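The values are calculated or read from the model by the stated rules, or taken from the named source; none is laboratory data. Here the structure is a predicted model, which means the values were calculated and not measured. Quick reminder, even Gly has a Cβ in these numbers, built from the backbone with ideal geometry, and neighbours come from all protein chains shown. Heads up: the accessible areas ignore ligands, DNA and RNA and are worked out on the full protein's heavy atoms, side chains in. Shrake-Rupley method; radii C 1.70, N 1.55, O 1.52, S 1.80 Å.
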Amino acid sequence: AGIGKCVALDLARRNARTILACRSRERGQAAVEEIRAATGNPAVLLRLLDTGSLASVHAFAQAVLREEKRLDVLVNNAGLTGLPFTITPEGLEQTFATNYLGPFLLTNLLLG
């Protein structure tokens, strides 16, 4: 939703292979279908990713590196705010993990 969906829509309109990395399979698949319909671009894909989970970030990065020949653009757009204080199963504060640590790790894992 929001800025991330708008960016994905613009990339798909430019005929880019576009991967939506989403926490929710249902919401992500709905966005994929909407973007495909609006752009006619069948190369819009859904991959599950929770940037608040370092294990999820590692799994996502490994899959991208295994499945994709190249990665030209990475847009880190995940973010949380206003949640009660929560610790992740990995012992990290949820907002910090989701907004900073996860995207930082993802970027570094995907660097060439």
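Okay, here's what the table says:
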quantity: Residue list for segment 57-77, filter: free of Cβ contacts under 8 Å to residues at least 40 places away in the same chain and under 15 Å from L101 (Cβ atoms); calculated: N76
quantity: Out of A59, A97, A55, sole residue that is at pLDDT 95 or above, within 13 Å of A21 (Cα to Cα) and assigned to a helix (DSSP H, G or I); calculated: A59
quantity: Subset of segment 1-18 [in contact (Cβ under 8 Å) with a residue 12 or more places away in the chain, farther than 16 Å from G79 by Cβ, out of contact with any Ser or Thr (no Cβ under 6 Å at 6 or more places or on another chain) and in a helix (DSSP H, G or I)]; calculated: L9
quantity: Filtered residue count, segment 22-44, keeping only those that are assigned to a loop (DSSP other than H, G, I, E, B) and of a type outside the set (D, E, K, R); calculated: 5
quantity: Flag for T95 being among the hydroxyl-bearing types (S, T, Y) and surrounded by 15 or more Cβ atoms within 10 Å (Cβ to Cβ); calculated: yes
quantity: Options V32, V75, V64: the member that is assigned by the TED database to the domain that holds L11 and not acidic (D, E); calculated: V32
quantity: Matching residues in segment 22-80 - criterion: being open to solvent by less than 70 Å² (accessible area, probe 1.4 Å), closer than 20 Å to N108 by Cβ and among the β-branched types (V, I, T); calculated: T51, V57, V64
